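Before any comments, here is the structure.
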Amino acid sequence: MSKNPPLLSISDIFKNANYSIPIYQREYAWTITEVTQLLSDLCSQAKANQNDNYYLGTLVINKGIQRKEEVIDGQQRLTTLYILLAYLSHSKESSYTVNFEFDTLLFDSRPQSISALQAIYNKKLDDVNEPAIKAAYRIIRDNLSQYLKDFSINLEEFTDYLLNKTLLLKVTVPPDTDLNHYFEIMNVRGEQLEKHEVLKSRLMGFLIDSPEDRKLFNTVWEAASDMNRYIQLFFTRNTAEDAKNTRKKIFGDDGNSIPKNYEELIEAYICTNELTKKGKTSDKPNLNTILDSKERVYLKEAENIEGHEQLTAVINFPNFLLHVLKVQEKNKDIALDDKQLLKQFELVYEKKSDQSKFAKDFCYSLLKMKFLFDKYIIRNLDLGKETKWVLRKQEHQFVQGKSHYLKDTFEKDDNTQDKTEHNRIIMLQSMFHVSFPTRIYKHWFNATLYYLFHNYENGEIKAGDLIAYLEKLNDAFFFDRNQSINMEYEEIIYDNKGEAKNSNVSDDIWLDGTGTKNFIFNRLDYLIWYYATIEKSTYKNLIDSTRANNFQFGFRSSVEHFFPQHPRNGEKPPFDDIDRFGNLCLISQQKNSRFSNDLPKAKKANYHRPDDKPESLKMELMWDHADNWDEDNLIAHESLMIEILNTITYDR
């Protein structure tokens, strides 16, 4: 490796550069998850640390022939930055002009990828035939403006921070490097101690005089850290001797209740004689030993548990910790960004006169909120080619030969349930999640966790009460966040308790074209689903209930024109404004790449199958008029959609 690799700004990374992506590297593969995370991270840093540099990562290169620099590691990020800079140079709101030629970044022996980047560079999006590259450009185009609004920065500030304050470490491998060996090393390199592990050590340090409290804290932390498993499973289950049955003592006879406070929790823990964590014991070295050591830390891979349903959480553990802190402290100023994990906790506990009490309070809050998360927040069930949103709790049986099992959260003890309420909660939460898919600043999640934490009584949350809150939040996110000056999320959640303070929106939101927020389309699809399956009398014959019941929310990111901007045959649209809301729909990148520039009638004939699961209920209504998508049908559709969107939902 180069002895003193330079930290270069993004501007310098591309200046006079000549990068090549070798053929053995995988093709460009970043999706909406990675691209929006990059945008969110950059906006967050530009807002919070505008005068400080932001280290984005490492770019590893190998000097090739003809002055080319082969990208060994970091090509996905580099390609995305290239696309982002090209977009910024196209934006009417930006004065930025690219300081590099289109062939600054090329793909070895992949002419389609090369031509795609060239088309992106020259703002000829219709000529891009590489789906992933085209999708990345559209994701940036459709989402960047919203992130700028969310973080209260303008495009010029963002561009300046990206170009001059965002840094990559550019590392050049020696000319005689065995690249195969290098890749092997990269795949087995030691893991650095993560921020949440450092935080754990610090908080446990506040309990230095109490071994029992430290051991309980460690147990709760380790149990909560696996976001994909239910927290009860990490506590000892002993059917032979109740005195040692920690799981039953803490979570009750069926595993669905928790102690009322920390004092009850520590008493239950100690009286079962569980002074060390059993079951899922961590193989990591003691944190204090790690912190005092200069050696690199190697972690064993997580055990692969087969035969279990693969349930995926909507958030990761470091960000979950910040949500727990913010809800516990009712502190609107805590930033929900795991890159600031240590800093945000420091700002809180450094002001505490009794840091031992703070650690104990956080231990209890972490247990309670992970328990509520497991029971009342949706998960994604991996079914192979498709996924499904589920809401399930665990029932525990403390009898020899019987164990725990999963059931729908709102299923009654006699195994009956009202699927209507259960499904409605799933639809509401999945609507929020796909609208705001990034890990950081997940405000709907913070709001829901805040509600659950402060309204959990007698061991349960009632379905009707949770629906009422989510509906209020749905309205508040729509009406209060679409004004000429948007209300801050913290004001909605912590001051207004999720209730909307406005009952109409700014007319400007209907003029945003492809920049229209994904949440607006998802809210609309939820309301169409609601009026087709539950409240059928309000909008009779809106859409067939069977079609509506087959709909579930997916990660759609492409706001597209039903009547295309550039029709294949050159036909002019039968209305003046191609960008008006009625002509727009939210679809997946995959479907968008198929639709291309076909007219509505051709799209329907080629791609619409009535028996397929609907991807968008708004589009299902548009299909009904695809054969004659004229101005009258467009205006009628748009008026109805706006009327439905303006429905106040929480007073149902």
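The values are calculated or read from the model by the stated rules, or taken from the named source; none is laboratory data. Not measured: the values here are computed from a predicted model. Positions of Cβ are backbone-derived with ideal geometry, glycine not excepted, and every protein chain shown enters the neighbour counts. The protein model used for the area step is the full one, side chains on, heavy atoms only, and it has no ligands, DNA or RNA in it. Shrake-Rupley method; radii C 1.70, N 1.55, O 1.52, S 1.80 Å.
What to note about this one:
- R0 of 45 Å, Cβ-Cβ distance residue 457-residue 485: FRET efficiency to nearest 0.05: 0.75
- Order by protection proxy (mean Cβ within 10 Å, highest first), peptides 199-207, 617-625, 478-486: 617-625, 199-207, 478-486
- Relative packing of peptides 549-558, 321-330, 43-52, 132-141 - highest average C-beta neighbours within 10 Å first: 132-141, 321-330, 549-558, 43-52
- √(5λ) per eigenvalue of the Cα gyration tensor, the range 1-46, largest first, Å: 23, 20, 11
- Simple label model, 7 Å out from Cα along Cβ direction - residue 152 to residue 420, nm: 4.3 nm
- Compactness index (Cα Rg / 2.2 N^0.38 Å), the range 509-652: 1.00
- For the chain: accessible area per residue (Å², 1.4 Å): 46 Å²
- Subset of 370/472; 15/343; 47/343 violating a 26 Å alpha-carbon distance limit: 15/343
- Ordering of 572-584, 434-446 by burial proxy (mean other Cβ atoms within 10 Å per residue, highest first): 434-446, 572-584
- Computed extension length for residue 496-residue 93: 141.6 nm, one decimal, from 0.36 nm per residue of separation with the Cα-Cα distance subtracted.
- Over 16 Å [Cα-Cα, the range 32-77], rounded percent: 56 percent
- Added length on full extension, which subtracts the Cα-Cα distance from 0.36 nm per residue, residue 310 to residue 624: 109.3 nm
- Accessible-area composition of the range 309-355, carbon plus sulfur, in percent [1.4 Å probe]: 42 percent
- Cβ charges +1 (Lys, Arg) and -1 (Asp, Glu), total dipole of the chain, debye: 1100 debye
- By the rule of a C-alpha distance below 19 Å, with chain neighbours fewer than 8 residues away ignored, the lysines paired with residue 357 are 200, 215, 260, 326, 330, 368.
- Carbon-plus-sulfur accessible fraction, the range 1-157 (probe radius 1.4 Å, protein heavy atoms only): 46%.
- Carbon/sulfur fraction of accessible area - the range 524-634, other protein chains in place, 1.4 Å, %: 40 percent
- Ratio of the Cα radius of gyration of the range 51-121 to 2.2 N^0.38 Å, where N counts its residues: 1.23
- Under 5 Å, built H, 5+ apart or other chain: amide partners of residue 72: 60, 61, 62
- Here's how it looks for residue 389: its modeled amide H is under 5 Å from those of 381, which are all 5 or more places away or on a different chain.
- Label positions at residue 357 and residue 332, each projected 7 Å from the Cα along the C-beta direction, are separated by 2.5 nm.
- Based on the Stokes-Einstein relation at 4 °C and a viscosity of 1.567 mPa s, and on the Kirkwood radius from alpha carbon pairs, the range 458-547 is assigned a translational diffusion coefficient of 87 µm²/s.
- From helices alone, the chain scores -13500 deg cm²/dmol at 222 nm; the rule is -39500 (n - 2.57) for each run of n ≥ 4 DSSP H residues, then divide by the residue total.
- For the chain, share of DSSP beta bridges that run antiparallel, in % to the nearest 5: 65 percent
- Efficiency of FRET from Cβ geometry, residue 63 and residue 648, R₀ 45 Å, rounded to 0.05: 0.10
- Applying 1/(1 + (r/R0)^6) with R0 = 22 Å to the Cβ-Cβ distance of residue 102 and residue 126 gives a FRET efficiency near 0.85.
- In order along the range 438-452, phi translates into HN-Hα couplings of 5, 6, 8, 6, 8, 5, 5, 5, 4, 5, 5, 5, 4, 5, 4 Hz, rounded to whole numbers, per the Karplus curve 6.51 cos²θ - 1.76 cosθ + 1.60 with θ = phi - 60° and x for Gly and Pro.
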